[in-house]
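Reviewing the structure listed below.
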Amino acid sequence: WPEQIAYPFNILPPHTNEGDYFGPYNKLLNFLFPPDGPFTVGFLSTKGSQHPIVFIFQILLKNKPVLILELRHPSYLDIPSEREKADEQIRSRMTDTAAACPLDTLYAISVLGTKLCFYSLDTQDSRAEIVPAPILGVSDPAPANRWNLDVMEAAGEAQLRDIVKQIEDRFARAV
């Protein structure tokens, strides 16, 4: 990443909270989806009785979601039940949002600090499953290795840029 994008991530304190990641991810998403383009970076914050604060970014096209990014504390990576909640919540949000997506694929990213897990859903097929498929009947249905890419490492950057390119290409074909 360019220095102006990497710097806010690199200066985060060691014992940070979810809110400390908001600025760096906001800057990153606005870099990937510039304000003068067709996409808008939107933001939601939720706090449920059973879940701590979750920061949710949505990349919108004509006020309709094409990418969801849910941001949670990095410590969740070490807690199987918290990973499971993160996985369930993003799948639920994708299911609830898919019909509104103006493109043929809705993308989502579950973020635990700087660790990324990518999801996609074919919005044209009502029987389509969210990728990656859920793991059923096991004690750890959302294994830590699903968050195997780091936004600050080359492979994580490449995957994120690839998702952005796919969104831009799908938009270009739809116009």
What's the longest uninterrupted piece of the chain once you rule out the GluC sites (Glu not before Pro) that are loop residues per DSSP with at most 16 other Cβ within 10 Å?
1-128
Reference-scaled alpha-carbon Rg (2.2 N^0.38 Å with N residues) for region 25-116
1.09
Long-range amide H partners of E153, meaning residues 5 or more apart or on another chain whose placed amide H is closer than 5 Å, are none
Please compute the contact order of the chain in relative form: average sequence separation of alpha-carbon pairs under 8 Å and at least six residues apart, divided by the residue count, as a percent.
17 percent
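Exposed loop trypsin sites (Lys or Arg not before Pro) only (DSSP loop, at most 10 other Cβ atoms within 10 Å): please give the longest stretch of the chain free of them, not including the sites.
63-126
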Hey, could you get me the Stokes-Einstein D for region 68-148, Kirkwood radius over alpha-carbon pairs, 4 °C and 1.567 mPa s, rounded to whole µm² s⁻¹?
100 µm²/s
Which cross-chain or sequence-distant (5 or more) residues have an amide H under 5 Å from the amide H of I79, H modelled 1.01 Å from N in plane?
none
Debye, to nearest 20: dipole size of the chain, +1 on Lys, Arg Cβ, -1 on Asp, Glu Cβ:
380 debye
Which semi-axes, in whole Å and largest first, does the equivalent ellipsoid of region 3-174 have when worked out from the alpha carbon gyration tensor as the square roots of 5 times its eigenvalues?
23, 21, 15
Structure shown: which of K64/K115; K64/K85; K27/K115; K85/K165 lie over 22 Å apart, alpha-carbon to alpha-carbon?
K64/K115; K64/K85; K85/K165
Along region 121-128, what does the Karplus equation 6.51 cos²θ - 1.76 cosθ + 1.60 (θ = phi - 60°) give for ³J(HN,Hα), rounded to whole Hz, x for Gly and Pro?
8, 6, 7, 8, 10, 5, 9, 5
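FYI, it's all coordinate maths here, none of it is from the lab. Model, not experiment: these values are computed from the prediction. With ideal geometry, Cβ positions are generated from the backbone for all residues, glycine too; neighbour counts draw on all protein chains shown.
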